[in-house]
Amino acid sequence: MTDLNLKITEIFLSLQGESRTIGLPTVFVRLTGCPLRCQYCDSAYAFHGGERQTLAQILDRVAEFNCRQVCVTGGEPLAQANCHALLTALCDRGYEVSLETSGALDVGQVDARVSRVVDLKTPGSQESHRNRWENLPLLTRHDQIKFVICDRKDFDWACFKVNEHRLLEQVGDVLFSPSFGQVSPRDLADWVVDCGLPVRFQLQLHKLLWGDEPGR
């Protein structure tokens, strides 16, 4: 199996900037390619290019960092069929593994040990029609759902979806993030405080520290 290959944009060590493990040193494995084109995307450099690496090479590179937390991201990592083998191999080696996915592709075959961080696309993303709603019943308390909020309409839409699908009962964390440069973090924080839902407000820690630098 270790001769399977994936197209990799970068593998690097940083602090997790989002989700329930925010602030923890984490190795990021960024896969190349994405079928979506969200208008606010901050990793468009991962749409093309990349370097073919075998599963063995990827695992060896991850091991060099001597870090327990690993996040597989993109692009859209599930767009590469061998992503599943990578996730399982990382889990087999004892890492705490998370997967950042758009939710536009089937998450049902992801290794159950992986925490799936599913980004439900809001109307403001211009890709909400790509949401695969069939994914939601597959999620567990081990998983997380993220909404990137572009404006007040997005916020109201996200609150409606949280209630409609009873997401707070379905997953471990529901995350609301302001779209960088589009909605004031203070405004979103106030909306979360006022709405009465126990969703988690988050900022992208890595952007506050390092801006939009790749490899951060």
Taking Lys and Arg as +1 and Asp and Glu as -1, residues besides V183 with C-beta under 10 Å from its C-beta add up to -1
Cβ charges +1 (Lys, Arg) and -1 (Asp, Glu), total dipole of the chain, debye: 80 debye
Could you run the Karplus curve 6.51 cos²θ - 1.76 cosθ + 1.60 with θ = phi - 60° over segment 108-123 and give me ³J(HN,Hα) per residue in whole Hz, x for Gly and Pro? x, 9, 5, 3, 5, 6, 7, 7, 7, 9, 9, 8, 6, 7, 7, x
Long-range lysine pairs (8 or more apart or interchain), the chain, Cα under 19 Å: 6
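Using the Kyte-Doolittle scale, find the helices of the chain whose mean hydropathy is at least -0.5 and whose Cα atoms extend 30 Å or more along the helix's long axis, counting only whole DSSP H runs. Write out the running numbers ahead of the final one.
Working: long enough: none.
Qualifying helices, which must be both long enough and hydrophobic enough, do not occur.
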Over the chain, what is the relative contact order in percent, taking alpha-carbon pairs closer than 8 angstrom and at least six residues apart? 19 percent
Area of F180 that stays accessible when all protein chains are in place (1.4 Å probe, Å², to 10): 120 Å²
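The values are calculated or read from the model by the stated rules, or taken from the named source; none is laboratory data. Everything numeric in this text was worked out from a predicted model, so none of it was measured. Ideal geometry is used to build each Cβ from the backbone, glycine not excepted, and the neighbour counts take in all protein chains shown. Surface areas here come from the heavy atoms of the whole protein model, side chains and all, with no ligands, DNA or RNA. Shrake-Rupley method; radii C 1.70, N 1.55, O 1.52, S 1.80 Å.
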